[in-house]
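This report concerns only the one structure given below.
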Amino acid sequence: MTRLVMFGILFRYFTKRYLAWVLLCLVGLTAVVSLIDTVELIRRVSVLKTSIDVNFGLMTLLNIPNVMSVVLPFALLSGSMLCFNAWNKSNEFVIARGMGISIWVAMSPVFFAAFACGLFYILVINPIGSMTSRQYESNMSEIFGADERNLSVTAEGVWLRDSQSDRQLIIHGDALDTANAGVINPIIYEFVPPRGLVTRYRGSFVHLTDSGWIIENAVAWRNDGGNENVGTFMLASDVKSLDLERSTAPPETIPIYQLPNFIKVLETTGLPTTDHRIYLYQLLSLPFLMVGIAMLGARFTLSNTHRQRRVQLFTRGVLIATAIFSFGHFMQVLGGSFRLPPNVAGWAPAATILLTGAALLARLDES
């Protein structure tokens with residue numbers, strides 16, 4: 001008797017069928033959402049007072065990876081339920097179970113394919129999407145003007161920290177100008193261990209280059225109370241200007257290969273890393289989220305064996321998708337508001353859905 005062994009004939013057959021349904025749903029949902037985004041972009045451009053030549057086809061292509069990141073869980077859920085529904089109609093899954101294997105073994109091709117989809121997105125689509133997202137954001141800024149992320153202003157101003165092997169710089173200013181990688185009206189405190197604070201600099205503007213901080217119109221105060229007009233000069237730094245420029249950019253514009261090191265750089269300068277950490281954990285948990293969604297789809301579809309109740313499939317899919325999206329967004333809001341640690345906010349949706357799906361599927365196996 002043919003067994004559903006790993007990468008056997010039956011295993012490959014179910015995997016290909018499942019991936020075909022998921023890919024079909026992914027292409028369909030991506031096309032629909034991209035069309036809606038393009039129509040909305042055309043509307044926004046049409047109300048501009050100035051005439052701007054926009055390549056809408058290019059903008060749509062640049063935004064496709066970002067759209068895929070949004071619709072991927074829903075595409076996998078839709079593909080899962082449609083695939084399992086087709087298996088119910090053809091009795092393929094019933095025949096596979098009739099071989100005397102458990103539901104976990106019978107579903108192993110689905111779990112493998114779902115995990116592979118998440119892994120493929122992380123390793124391939126995400127790095128590509130980060131590049132296209134940066135270009136998309138740049139084109140949007142050219143069309144509608146630079147957004148508020150280029151200038152960060154708070155009631156207390158901005159504080160940066162630049163820790164080096166022989167000293168530490170604490171920079172305080174009125175605002176962080178990310179477009180020019182600088183700080184407006186800065187005060188720079190220079191600490192050298194074990195002496196402590198040695199110099200305080202005040203200038204009109206300080207901007208970061210790949211060699212260091214360039215302070216304009218600077219005045220230096222020493223510990224003895226004396227001051228000196230030093231004009232424009234540079235303080236060496238290991239922080240790169242690109243890191244500061246991208247510090248307020250959306251986490252989606254940073255590829256996963258660079259994201260851990262980028263978070264370390266932000267921590268070194270004292271900039272907030274909560275959103276980037278949550279996004280990193282969400283990416284790492286994506287393959288497990290995909291497996292959990294496949295389990296939920298199996299539980300609510302394979303148990304529906306009555307042909308007259310097929311109409312319930314759509315309702316169940318909508319309810320499950322709404323619950324997944326709402327819970328994930330709720331966790332992200334809690335993490336962004338510091339009510340949950342970033343690792344909990346990032347991993348909680350995947351862990352909850354995976355455990356819930358496994359528990360429900362275990363009950364199906366017992367019935």
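Scanning the range 215-229 for residues that are farther than 9 Å from Y201 by Cα and either out of contact with any Ser or Thr (no Cβ under 8 Å at 6 or more places or on another chain) or in a loop (DSSP other than H, G, I, E, B) (or both) returns N223, D224, G225, G226, N227, E228, N229. When you check V47 against the structure, is it modelled with pLDDT under 90, assigned by TED's automatic domain parsing to the domain that holds M290 and not small (G, A, S), yes or no? It is true that V47 is modelled with pLDDT under 90, assigned by TED's automatic domain parsing to the domain that holds M290 and not small (G, A, S). Within the range 50-95, take every residue that is surrounded by fewer than 20 Cβ atoms within 10 Å (Cβ to Cβ) and small (G, A, S) and give me the one that is nearest to V39 (Cα to Cα). Selected residue: G57. Close Cβ contacts (under 7 Å, 6 or more residues apart or on different chains) running from residues in the range 255-280 that are free of Cβ contacts under 8 Å to residues at least 60 places away in the same chain to residues that are of a type in the set (S, T, N, Q) comprise I263/T273; L266/S247; L266/T273; E267/T273. Of the helices (runs of 4 or more DSSP H) lying entirely inside the range 12-131, those containing at least 3 residues that are out of contact with any Leu (no Cβ under 8 Å at 6 or more places or on another chain) and closer than 19 Å to R299 by Cβ are 56-90, 92-97, 108-120. Of all residues in the range 32-51, those satisfying the criterion of being of a type outside the set (A, V, I, L, M), under 15 Å from I64 (Cβ atoms) and in contact (Cβ under 8 Å) with a residue 24 or more places away in the chain are S34, D37.
The rows are residues; the columns are (1) charged (D, E, K, R); (2) out of contact with any Leu (no Cβ under 8 Å at 6 or more places or on another chain); (3) modelled with pLDDT of 80 or more; (4) more than 30 Å from L283 (Cα to Cα).
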{"residue": "V158", "(1), (2), (3), (4)": "no, no, no, no"}
{"residue": "L208", "(1), (2), (3), (4)": "no, no, yes, yes"}
{"residue": "G226", "(1), (2), (3), (4)": "no, yes, no, yes"}
{"residue": "V239", "(1), (2), (3), (4)": "no, no, no, no"}
{"residue": "Y257", "(1), (2), (3), (4)": "no, yes, yes, no"}
{"residue": "K264", "(1), (2), (3), (4)": "yes, yes, yes, no"}
{"residue": "T268", "(1), (2), (3), (4)": "no, yes, no, no"}
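Only one residue in L197, L176 is in contact with a helix residue (DSSP H, G or I) (Cβ under 9 Å, 6 or more places away or on another chain), outside the structural domain of S141 (by TED's automatic domain parsing) and not in a loop (DSSP other than H, G, I, E, B), so which one is that? Exactly one of L197, L176 is in contact with a helix residue (DSSP H, G or I) (Cβ under 9 Å, 6 or more places away or on another chain), outside the structural domain of S141 (by TED's automatic domain parsing) and not in a loop (DSSP other than H, G, I, E, B), namely L176.
Against the list (1) farther than 29 Å from T322 by Cβ; (2) loosely packed, with under 13 Cβ neighbours inside 10 Å, the condition V32 fails is (1). Taking the range 166-204 as the range and being farther than 25 Å from D224 by Cα and either without any contact (Cβ under 8 Å) to a residue 24 or more places away in the chain or not polar (S, T, N, Q) (or both) as the test, the residues that pass are D174, A175, L176, D177, A179, A181, G182, V183, I184. D162 falls short of the stated requirement of being among the charged types (D, E, K, R), surrounded by fewer than 15 Cβ atoms within 10 Å (Cβ to Cβ) and at pLDDT below 80. Search the range 302-348 for residues being over 25 Å from L119 (Cα atoms) and among the hydroxyl-bearing types (S, T, Y), and hand back the single one that is modelled with the highest pLDDT. Here the answer is S337. Among the residues that make up the range 17-33, is at least one of them at pLDDT 90 or above, among the aromatic types (F, W, Y) and in contact with a Pro (Cβ under 9 Å, 6 or more places away or on another chain)? Within the range 17-33, one or more residues are at pLDDT 90 or above, among the aromatic types (F, W, Y) and in contact with a Pro (Cβ under 9 Å, 6 or more places away or on another chain).
The values are calculated or read from the model by the stated rules, or taken from the named source; none is laboratory data. The structure displayed is predicted, hence computed values, not measured ones. Neighbour counts run over all protein chains shown; Cβ positions are idealised from the backbone, glycine included.
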